[in-house]
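Input: a single structure, listed below in structure tokens.
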């Protein structure tokens with residue numbers, strides 16, 4: 001495997017990087033492995049999560065565990081909180097659970113002496129030391145909250161602690177500790193305050209709301225996630241009123257909200273208002289307009305799909321969506337050509353998602369298999385790659401080489417999928 005190919009495999013989270021290290025000296029890859037240990041190189045860390053388990057496999061097979069361990073433990077005190085910090089702490093926790101006593105000391109010292117207080121880091125102490133780890137983490141976070149009353153904490157850490165240690169044990173332990181530990185008391189007070197605020201400000205049932213109420217929420221920027229659900233049961237006259245208000249609106253944020261109403265409902269005033277919005281500079285408004293247009297069957301929309309591709313528009317990632325309801329014979333081959341020619345990771349990622357609806361509406365097993373095999377190599381997101389594996393498995397097209405490397409994939413659900421040998 002060429003160095004550049006190993007770098008690509010490591011960045012994408014392919015298990016082939018682990019398998020390669022089993023048979024080759026890892027020293028040549030030391031710099032890139034260290035970078036992947038200290039930095040979460042996932043395409044979308046919010047959905048892919050930490051790569052700690054994957055990097056533990058890479059570190060072990062590299063033959064240079066001591067080198068990477070030393071660098072990792074020294075990095076724990078870095079105060080920048082981003083997607084890298086949780087991965088570093090999870091790696092340290094896994095090292096500790098593997099018998100490295102220095103890892104525990106480094107974790108506690110870094111959390112105690114720095115400004116790190118993120119709950120996704122604090123969870124590692126519960127995973128490692130149970131209730132005692134929870135008490136430590138909560139006390140540290142509570143101390144910061146006492147010094148900074150504006151610091152906001154939700155109940156995520158408590159939920160994780162209850163899952164790992166049991167609700168009764170967690171609640172009783174924290175209530176008892178709060179009697180003598182002001183920091184733990186500050187933490188509980190802050191979390192309970194935010195829970196109360198969340199409960200008091202919960203949004204109404206969309207099905208019970210009038211369009212007048214929805215309109216007011218849009219005008220004040222408070223509609224949030226109510227819009228799609230409200231539109232599902234709205235009357236024709238209410239949707240007509242919303243569509244009319246959309247045509248009179250120029251504010252981008254409000255336009256985005258009005259368009260959201262029609263994501264799953266047909267826009268009642270035809271396509272030309274929407275086509276005009278697509279012509280705006282790239283941003284949320286034209287992209288939401290494209291999602292609404294995808295609900296229509298119209299030759300103009302089909303033409304738009306081809307135009308976006310032919311002009312290499314930054315909005316071409318919606319082209320396949322536009323063909324789902326505007327399909328013609330031969331489109332399987334056309335879509336395959338689009339996907340094979342595409343090199344932009346973001347567009348490839350979007351195409352991968354679009355193909356799910358495309359093939360569900362217009363099945364063609366041979367084309368789908370070829371495309372999925374190609375996208376398996378090109379898809380930048382390990383979470384989305386898991387769907388590709390699931391679908392190939394369903395089509396009995398998953399090769400043994402793919403199954404073997406997926407057992408060491410950076411995405412945990414992919415590992416579980418191939419281990420079970422069934423779809424998830």
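The values are calculated or read from the model by the stated rules, or taken from the named source; none is laboratory data. As the structure is a prediction and not an experimental result, all values here were calculated from the model. Reconstructed Cβ throughout: ideal geometry from the backbone, glycine too, with neighbour counts over all protein chains shown.
The table below gives the values:
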read-out	value
Identity of the residue in segment 1-16, without any contact (Cβ under 8 Å) to a residue 60 or more places away in the chain and closer than 21 Å to residue 383 by Cβ, that ends up surrounded by the most Cβ atoms within 10 Å (Cβ to Cβ)	10
Selection count, segment 307-339, where residues are assigned to a loop (DSSP other than H, G, I, E, B), touching a helix residue (DSSP H, G or I) at 6+ places or on another chain (Cβ under 8 Å) and closer than 17 Å to residue 350 by Cα	2
Failed item in (1) over 25 Å from the mean Cα position of the chain (by Cα); (2) modelled with pLDDT of 95 or more; (3) buried (at least 19 other Cβ atoms within 10 Å of the Cβ), with residue 259 passing the rest	(1)
Qualifying residue in segment 351-363 (condition: part of a loop (DSSP other than H, G, I, E, B) and within 30 Å of residue 298 (Cβ to Cβ))	yes
Top-ranked residue in segment 17-31 [being within 26 Å of residue 416 (Cβ to Cβ) and in contact (Cβ under 8 Å) with a residue 24 or more places away in the chain; ranked as farthest from the chain's Cα centre (by Cα)]	22
Options 59, 1, 32: the member that is assigned to a loop (DSSP other than H, G, I, E, B) and over 25 Å from residue 350 (Cβ atoms)	1
Residue match in segment 403-423 (condition: closer than 26 Å to residue 334 by Cα and either touching a strand residue (DSSP E or B) at 6+ places or on another chain (Cβ under 6 Å) or in a helix (DSSP H, G or I) (or both))	no
Residue list for segment 211-248, restricted to those being part of a loop (DSSP other than H, G, I, E, B) and either under 13 Å from residue 262 (Cα atoms) or at pLDDT 95 or above (or both)	234, 235
Answer residue from segment 201-210, given it is in a helix (DSSP H, G or I) and touching a residue at least 12 places away in the same chain (Cβ under 8 Å) and is farthest from the chain's Cα centre (by Cα) among those	207
Extreme residue, farthest from residue 295 (Cα to Cα), among residues of segment 249-263 that are in contact with a helix residue (DSSP H, G or I) (Cβ under 7 Å, 6 or more places away or on another chain) and part of a loop (DSSP other than H, G, I, E, B)	249
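Every residue, every condition in (1) touching a strand residue (DSSP E or B) at 6+ places or on another chain (Cβ under 7 Å); (2) at positive phi; (3) in contact (Cβ under 8 Å) with a residue 24 or more places away in the chain; (4) assigned by TED's automatic domain parsing to the domain that holds residue 251, yes or no:
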residue: 276; (1), (2), (3), (4): no, no, no, yes
residue: 317; (1), (2), (3), (4): no, no, yes, no
residue: 324; (1), (2), (3), (4): no, no, yes, no
residue: 341; (1), (2), (3), (4): no, no, no, no
residue: 345; (1), (2), (3), (4): no, no, yes, no
residue: 354; (1), (2), (3), (4): no, no, yes, no
